[in-house]
1. If you place +1 on the Cβ of every Lys and Arg and -1 on the Cβ of every Asp and Glu, how big does the dipole about the Cα centre of region 27-93 come out, in debye to the nearest 20?
2. What's the ranking of 86-94, 51-59 by average number of surrounding C-beta atoms within 10 Å, highest first?
3. Taking amide H atoms as placed 1.01 Å from N in the peptide plane, list the residues 5 or more away in sequence, or in a different chain, whose amide H sits under 5 Å from that of Tyr100.
4. Please compute the net charge surrounding Met36, taking Lys and Arg as +1 and Asp and Glu as -1 over other residues with Cβ under 13 Å from its Cβ.
5. Output wanted: per-residue J couplings in Hz (rounded whole) for region 28-41, from phi through Karplus 6.51 cos²θ - 1.76 cosθ + 1.60, θ = phi - 60°, x for Gly and Pro.
6. Residues with beta-carbon under 13 Å from that of Thr91, excluding Thr91: net charge, scoring Lys, Arg +1 and Asp, Glu -1?
7. Can you give me the orientation-averaged projected area of the convex hull built on the Cα atoms of the chain, in nm²?
8. Just subtract the alpha-carbon distance of Asp7 and Gln105 from 0.36 nm times their residue separation and send over the number in nm, one decimal.
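Laboratory data are not the source of any read-out in this text; all were calculated from the coordinates shown. A quick note: this is a predicted structure, and the numbers were derived from the prediction, not measured. Glycine gets a Cβ as well: all are built from the backbone with ideal geometry, and neighbour counts include every protein chain shown.
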Amino acid sequence: MHLRVEDHGNWQICSLSGAINASNSDKFSELFLQTMAKCNKNLIVNLKELDFIDSKGISAFIIGKKVLAKNGLSICISNVPSPVRKILNITFIDNIIPIYEDIAQVMEVQEE
């Protein structure tokens, strides 16, 4: 599991790669929530290179949303590979955090 954050205009993009599972989900949650605490822009979580995510990883997204919301910021998810999409659909996370096909779609929707 790797996490990379970069600025992109009015957004920060947090790109995840590898797998978030029992062997590293505690480390991921800690790192992701530290990133949320430092975030000063709306956040796109780019899952393009993520192979798997477990329930603890999904929980970190929800907690991250709460952290950002306290600061008037938002979070969304983009570029979800099919196997990860199935997991996200089962958990109904799209009812809590918007999911977009790609980063360009996020930018397009936000301009409207």
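1. Details: 10 positive and 4 negative charges, 45 e Å.
Here the size comes out at about 220 debye.
2. Details: 86-94: 13.4, 51-59: 17.0.
Descending packing order for the listed peptides: 51-59, 86-94.
3. Sorted by chain and number, the residues that satisfy this are Ile77, Ser78, Asn79.
4. Working: positive: Lys38, Lys41, Lys65, Lys66, Lys70; negative: Glu30.
Surrounding charge for Met36 is +4.
5. For region 28-41, the Karplus curve yields 4, 4, 4, 5, 5, 5, 5, 4, 4, 5, 8, 5, 10, 9 Hz.
6. +1
7. On the way: hull surface 25.0 nm².
Averaged projected area of the chain's Cα convex hull equals 6.2 nm².
8. Numbers: separation 98, 0.36 × 98 = 35.28 nm, distance 1.70 nm.
Extra length available between Asp7 and Gln105 comes to 33.6 nm.
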